Amino acid sequence: MSPRAALSRIRAHFSANRHDARLAEEIATHIDALTADYQRRGLTPDAARLAARRDFGNVTATQENHRAHRTLPFLETLAQDLRYALRQMRAKPGFTAAAVFTLALGIGANTAIFRVLDAVVLSSLPVKNPEQLVLVIPKQNGKPGPVSYPLFRQMAARQTELAGIFAANNVDQAVEPGGASGDSAPRATLVTGRYFELLGAGAQLGRTIVDSDDQPGMPTVAVVSYGYWQRAFGGKAEVLGRAIRINGASAAIVGVAERGFFGERVGSAPDVWLPMSVQPLVWPGHTNWLKSPANARLQPMGRIRPGVSRAQAESALTALYSQLHELTVHGLGPTVYTIELAPGSQGFGDLQKQFSAPLAVLMGIAGIVLLLACCNLANLLLANASARTHEMGIRLAVGAARSRLLRQLLTESAALAVIGGAAGFALAQQGSRALVQFASAGRGWRLALDPDWRILAFTAAVSLLATAIFGLVPAFTAIRLDPNAALKTNRRNGALRSANGAARAFIVAQVAASLVLVAGATLLVRSFRNLETQDFGYRKEGLLLLEFRLDSNLLLFRDPARIEQVHQRLNAIPGVINAAVSGRALSSWLLQQVKISLSGQATPAVDAQLSQVSPHYFETMKIPLLNGREFSGSDRKQTAPVAVLGETAARLLFGSANPVGRSISVGSGDISNASHLVVGVVHDIRLGPREPFAPVIYEPMAQNGVPLLTAVLRTAGDPAAFASAARQAVREAAPGLKLQSVSPVTELLGASIRQERTVAVLSAAFGLLALVLASVGLYGVIAYAVERRTQEIGIRIALGASRTQVTRLLLSDIAQLLAFRLIFGLAGTLALAKVGHASACQPAGRPGIFDPVNSRKVNPAVIRRRIH
């Protein structure tokens, strides 16, 4: 059929009533003419009419034949099938509601998780030609890290292999900008001059930041996001030229970023973009990035030139980086400087790395839930098909083709899937946002969750798959009946034998899949619990952590007497049991790698983490003292250097010998080798929930002149209740210091295992849902099987069987039904348990998605005996 003919038939299909009326009029005119001819031949009017109709032939067949050649019969029969399916659904509202609700849960769960997975892992940045973007990753001795602004400017000016490089730095944790129109605390980001140009992002209104804006002395300008423009300024064009104040600095709005643009980092979505050159204005009190090679904060990106290979660009940039090494923070010892270019179409993948595996696991779990929902629906449709056996027999008897019945049944299944898919899509709208809010746990991720063609295509594909799973088997089972047998039996006893076998097969899948899902959820919850309750080496309950903002005031705050004032003021807070302060503390993000060795001996050095702490630190943290003593007030700069070793560091240096009273050398790139007297050994601590116990060395804070970076408070009650008192105490003791954060340690540790918690909680919810679906499906099949045997049960009772015997017979059949299904489920459960055990036994430092690393409980008395 030519396209023109097909188009003509489609047009005729939608005007079928007019064509049918015209055809009926022509047929009537033709029959009237034949009737008149027979009347002229002498027949009576009735006989003439009968002869005319006999000569013309079957009027209905003529109309159908004409319609088949004029229109598309498939569309017409599909419309008929759909109308009949809707009538069937209206006639059985309970069945329809149960089917739609079950499908909505399965499809909605899959769509919600896919929306988040697509936004976090699959989608590219909404910019021009994202495949040309690359991440510029500077490395020192193979270790990646950020670069300083002076280094970035020199690289941007002197490189030629890329179309350009750009960088950004979020400062929303450091500044609290005041928005317009009452919008509080918008997020601000500092960007280099060619940020928008190289990303390929335009302006919805006005213009974007250009390179000339990122120059010292230029007027401070800002670009606001589309969403912030709508929220704070009502989407009015008068926003251009208005001033917005950020930390006291005023910036004139010159443009609105195009709709959908959220920057170079998934989940960040700033409200305001500012030129990097205004950093000293919007971040007062901090080091001037623009002139400090030691302040490395930028992670560059670039756009590769057409015709330039990634290997060529890496080679040239590596050579340039080596030439400009004086503009960066140097590594320890000899340093090899290299540049790696990684694909940047998805921007910086912080969320991808953190949540791609958990989302994949949740996607698999949601797929199993959808399979269970489809099995339930298949059983419902099998029961419904058995109830319609008499109807199907009549249809076959009057000449309906089995293919026609199959199409009708599949149309009914597809109608259920479409309605269930639409309901699931609506549920996914809220479900995906709730999932992001739960997973972010207050961090305020901003993901593009608006539905697009990918989400609609995924929902349609899942609905089609669901139709195939729950619709095909019942439909094929229903049409494989004998019309004679179907017409001789009544509706109740006319169920197909094969329907019962198919229902049992679906129950096998349901029970096995639900058991595996529940077992997997149990493993995940147990592993998360192990990760949360493992031995951290200190007592985290009742501990409040204060982190000070790293600025010029803090760097100058090194006087031990002034630090002691802060210490004493924190210790004097009512309800505080103990307080301690520290420099490079292991509970801080500032850590220092050092090498320790035995003084005066040619033994291999041990890599360790250095921490400077005040007296009572171990007592406050509840880190067990295994040997020797803690630091005291007498350990000052005028006395001989002392150190306390962690258990692992002591064992690596001294084996089973007692290290107390022995001398060790401590050295690093900025610390000359100095001899320290070991005065104690303490229990190891973890740097994080997924980290193993690592070698640690502690030094007295007063002996090193390090700035005050953190403080810890051991409280008598909820540590969060002491946050305001701690802030007030710091303001009174040191007015110039600013706190970066005040948080209970349990909250910080909980935030670090947020993805494990998300997977555990959602898998438990899905496991419970799977158990409910399997139970409902099992109940339906058993109830249907008992109903089919009603006549048999009546005969047995009439012949003298007691109700107890009948009940025992039915229960034995049910037990046999379940026993075989449980075998498959238990087999899958055991296999999953082995996988979980294998994941738990991974080497330290390579944690799986489920399990903590090197989780062990340590008895201090046993360690003390071993060290002595």
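All of the numbers you see were taken from the coordinates with simple rules; none came from a lab. Quick caveat: nothing in here was measured; it's all calculated off a predicted structure. With ideal geometry, Cβ positions are generated from the backbone for all residues, glycine too; neighbour counts draw on all protein chains shown.
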Karplus-derived 3J(HN,Hα) from phi for the range 752-767 (6.51 cos²θ - 1.76 cosθ + 1.60, θ = phi - 60°), whole Hz, x at Gly and Pro, runs 6, 10, 5, 5, 5, 5, 4, 5, 5, 5, 5, 5, 5, 5, 5, x
Amide H proximity to ARG662 below 5 Å, modelled H, separation 5+ or other chain, gives VAL678
Residues meeting the amide H criterion for ARG629 (H placed from the backbone, H to H distance under 5 Å, 5 or more places apart or on another chain) are GLY680, VAL681
With 0.36 nm assigned to each residue of separation and the Cα-Cα distance removed, LEU652 to SER599 gains 17.6 nm
Dimensionless Rg/Rh of the range 419-473, both radii on Cα and Rh by Kirkwood, sits at 1.11
Amide H neighbours of GLY344 at under 5 Å, excluding residues fewer than 5 places away on the same chain, with H built from the backbone geometry, are LEU133, VAL134, LEU135
1/(1 + (r/R0)^6) with r = Cβ-Cβ of ALA163 and ASP350, R0 = 35 Å, i.e. FRET efficiency to nearest 0.05, evaluates to 0.90
Check: C-alpha center the range 631-647 vs C-alpha center the range 737-752, spacing in Å is 28 Å
Applied in sequence order to the range 347-364, the curve 6.51 cos²θ - 1.76 cosθ + 1.60 (Karplus, θ = phi - 60°) yields integer Hz couplings, x standing for Gly and Pro, of x, 6, x, 4, 5, 4, 5, 7, 10, 5, 5, x, 5, 5, 4, 5, 5, x
Expressed in nanometres to one decimal, the distance between label points 7 Å along Cα→Cβ at PHE56 and ARG41 is 1.6 nm
Between ILE27 and LEU86, the two model label points (7 Å from Cα along the beta-carbon direction) sit apart by a distance in nm of 2.6 nm
Checked against a 28 Å limit on the C-alpha separation, the offending pairs among LYS139/LYS595; LYS540/LYS738; LYS143/LYS353; LYS139/LYS291; LYS291/LYS595; LYS143/LYS291 are LYS291/LYS595
Sequence order, the range 679-689: Karplus ³J(HN,Hα) from phi using 6.51 cos²θ - 1.76 cosθ + 1.60, θ = phi - 60°, Hz rounded, Gly and Pro as x, gives 10, x, 10, 10, 4, 5, 10, 8, 7, x, x
